[in-house]
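Down below is the structure, laid out as structure tokens.
None of the figures in this text is laboratory data; all of them are computed from the coordinates on show. No experiment lies behind these values; they were computed from the predicted model shown. Here Cβ is always computed from backbone atoms with ideal geometry, including for glycine, and neighbour counts include all displayed protein chains.
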Amino acid sequence: MNEESEETMVNTTQDVAWQQTQSEAEAHLAKRRLTEKIAFGVLWAAGAVAVLVLIAVVGYVLLEGAQVIDWAFLTTRPKGGLSGEGGMSTTIVATIYLVGLTILIAAPLGVGAGIYLVEYAGEMQGTSGWQAHLISVIRFGVETLAGVPSIIFGLFGYALFVTTMKFGFSMIAAALSGACLVLPVIIRTTEEALLTVPRPYREGSLALGATQWQTNWRVVLPAAMPGIITGVVLSVGRIVSETAVFYVTLGGSYYMPPSPILHFRDFLTSGGRTMALHLYYLANDTAAFDKAMGTGAVLVVSIILINLAINYLSHRLNQSMRGEA
Amino acid sequence: MTGSEIKLETQNFDLYYGNFQALDDISLQIPANQVTAIIGPSGCGKSTFLRAFNRMNDLIPGVHTDGEISMEGENIFNMDVVALRRRVGMVFQRPNPFPKSIYDNVTYGPRVNGLRDRDKLDEIAERSLRGAALWDEVKDDLGKSGLALSGGQQQRLCIARALAVEPDVILMDEPASALDPIATLRIEELIRELKEDYTIVIVTHNMQQAGRVSDYTAFFYTDESRTGILVEFDNTKKIFTNPSDQRTEDYITGRFG
Ligand SMILES: Nc1ncnc2c1ncn2[C@@H]1O[C@H](COP(=O)(O)OP(=O)(O)OP(=O)(O)O)[C@@H](O)[C@H]1O
Ligand SMILES: [Mg+2]
């Protein structure tokens with residue numbers, strides 16, 4: 001065994017011109033090993049610090065919040081006033097309503113725009129020339145909008161929906177403004193999801209005499225669904241945690257918004273206060289630091305649940321796509 | 001080629017990808033209810049030519065064409081492309097079943113063409129799967145995902161899917177290249193059976209396969225200056241035993257050593 005391996009060793013040294021001597025090679029290897037260890041150590045430390053900071057923030061809010069959260073806190077409405085008396089029930093309801101209404105507006109628009117950009121005007125049509133330029137300008141715009149500070153959308157919504165269109169501080173003004181805020185997210189994720197759908201699916205469908213609409217509806221969209229849903233749920237998270245936009249479009253009423261099923265018109269024109277907004281008011285205008293923490297804790301838990309939902313959904317949908325479910 | 005009816009005909013057909021000419025003045029006639037093989041070195045334009053018949057190249061950026069292709073005398077570029085593709089089915093090189101059940105894969109074509117009747121769909125599913133020699137393997141499990149089948153089964157599923165819309169012509173682009181020898185033989189057997197009812201055009205890299213399954217063979221070629229030239233088109237027997245062009249002979253014998 002020894003003889004053989006020595007022979008191969010000799011052979012390699014002879015064949016490979018750049019090969020250093022044995023001891024040089026060993027020294028070099030030791031050096032590379034050391035670099036490897038240092039790099040690993042630094043990255044590990046960075047990761048550890050980042051995680052610790054996150055745990056500290058979330059843990060602090062949850063621990064502080066836990067002291068005021070009880071059934072009554074969740075089910076009574078805020079009483080207003082400087083002392084921040086009462087619970088947060090109406091803000092939970094308002095958040096859910098606002099999320100629903102915003103998504104109802106933003107999802108069809110955003111998904112539709114994404115489909116148009118990829119399937120009809122973009123990649124899948126092999127658009128070229130000025131049209132391709134137009135598409136890339138639109139893409140750039142969408143990407144830029146996704147990075148614009150949210151208060152810009154708030155001011156826009158205030159100017160257009162609250163004032164010019166005379167909706168006042170209302171669910172509808174807030175939902176329309178919120179829709180503008182999350183549209184770029186939904187468009188981007190839809191586009192990305194569509195681009196991951198293999199071209200052969202489309203060709204297979206078209207080759208069977210399906211129209212483009214049938215192809216999109218029956219093959220492409222189902223295959224892109226995990227990504228699209230992820231984008232929508234991501235937007236839910238954005239809306240739940242947004243304050244600036246709703247501060248200037250939803251007002252701050254802490255009364256229970258009218259039911260969207262029983263009194264749809266009143267619902268649309270009523271103001272309200274989401275959890276995040278409530279937290280902002282509590283922290284700003286009252287001395288109720290503990291209530292603010294309680295609200296914050298509920299908010300954080302909601303966000304965590306939303307993210308878990310994203311993971312679960314995309315995992316499940318991926319599985320069923322691959323035929324494992 | 002006397003005696004047989006002409007299904008597809010190309011006249012001085014050119015195709016360009018942007019400025020690049022990929023098919024150069026192709027004129028040939030594809031007889032009905034026969035298997036026509038298209039052979040030639042890689043990059044010579046075989047797939048491009050095949051995809052011209054169902055206008056699949058329309059989907060590619062910057063493609064434009066000259067000349068004419070007709071089916072039963074009608075210019076396909078004047079036909080509605082959806083109607084054309086219903087009559088000219090295609091099986092792709094890589095099996096591409098949809099991420100749906102076997103049943104939904106097979107009945108996809110009839111459904112998009114407006115058929116709703118469950119009994120009829122069931123009947124079509126069975127007939128097509130039998131036609132593609134897959135029925136016995138999947139009949140108890142039609143709800144299973146098409147992606148859960150083996151590669152060879154997936155390809156037969158794709159053939160079944162093409163059969164289900166009852167096209168006149170079936171285009172096959174190296175349908176067996178991703179398959180093992182046994183699955184390949186099954187597909188070849190199938191092709192020979194299918195020509196009773198369909199006109200088949202098949203691209204293949206495998207000379208033996210061309211010899212085994214086809215009645216006619218077109219030899220395409222590419223050199224430094226031109227791509228997508230039709231060197232020779234004739235009876236498969238003639239092409240393989242007594243080609244009239246030196247390049248055809250070189251290609252065929254080169255492959256056999
Ligand atoms: N989408 C495209 N855009 C630009 N050029 C292309 C495109 N598809 C093919 N071509 C070019 O056209 C020529 C013919 O390609 P084609 O795919 O038809 O060859 P082929 O004979 O099928 O080759 P293979 O045997 O390798 O599959 C090649 O030079 C190829 O590079
Ligand atoms: Mg090819």
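Observations on the model:
- Relative to the longest principal axis of the Cα atoms of chain A, the long axis of helix A:89-115 makes an angle of roughly 50 degrees.
- Listed by chain and number, the lysines whose alpha-carbon sits under 22 Å from that of residue A:79, ignoring those within fewer than 8 places in the same chain, are A:291.
- Residues whose placed amide H lies under 5 Å from that of residue B:32, excluding near-sequence neighbours: B:5, B:6, B:7
- Relative packing of B:23-30, B:237-244, which averages over residues the other C-beta atoms within 10 Å, highest first: B:23-30, B:237-244
- Anchor residue B:195: lysines whose Cα lies under 27 Å away (excluding residues fewer than 8 positions away in-chain): B:7, B:46, B:120, B:139, B:237, B:238
- Karplus-derived 3J(HN,Hα), 6.51/-1.76/1.60, for each residue of the range A:41-50, Hz, glycine and proline x: x, 4, 5, 4, 5, 4, x, 4, 4, 4
- Compared with the dominant Cα axis of chain A, that is its longest principal axis, helix A:275-285 is turned about 70°.
- In chain A, the calculated helix contribution to ellipticity at 222 nm averages -23500 deg cm²/dmol per residue, counting -39,500 (n - 2.57) for every DSSP H run with n ≥ 4.
- Per-pair calculated FRET efficiency, R0 = 60 Å: residue A:192 and residue B:33 via Cβ, rounded to 0.05: 0.80
- In Hz, Karplus ³J(HN,Hα) per residue of the range B:222-232 (6.51, -1.76, 1.60; θ = phi - 60°; x = Gly, Pro): 9, 10, 4, 9, 9, 10, x, 9, 8, 7, 7
- Relative to the longest principal axis of the Cα atoms of chain A, helix A:289-321 runs at roughly 50 degrees.
- Where both bridge residues fall in the protein assembly as shown, DSSP classifies roughly 60% of the beta bridges as antiparallel.
- Residues with amide H under 5 Å from that of residue B:38, placed H, sequence gap 5 or more: B:202, B:203, B:204, B:218
- Sequence-distant residues sharing a close amide H with residue B:91 (under 5 Å, placed H): B:171, B:172, B:173
- Antiparallel DSSP beta bridges within chain B, as percent of all bridges there, nearest 5: 60
- Relative contact order of chain B, defined on C-alpha pairs under 8 angstrom at six or more residues apart (%): 27
- Placing +1 on the Cβ of every Lys and Arg and -1 on the Cβ of every Asp and Glu, with no other charges, gives the protein assembly as shown a dipole of roughly 2400 debye about its Cα centre.
- Full-stretch length increase - residue B:208, residue B:75 - with 0.36 nm per residue and alpha-carbon distance subtracted: 44.5 nm
- The orientation-averaged shadow of the Cα convex hull for chain A, equal to a quarter of the hull surface, comes to 28.8 nm².
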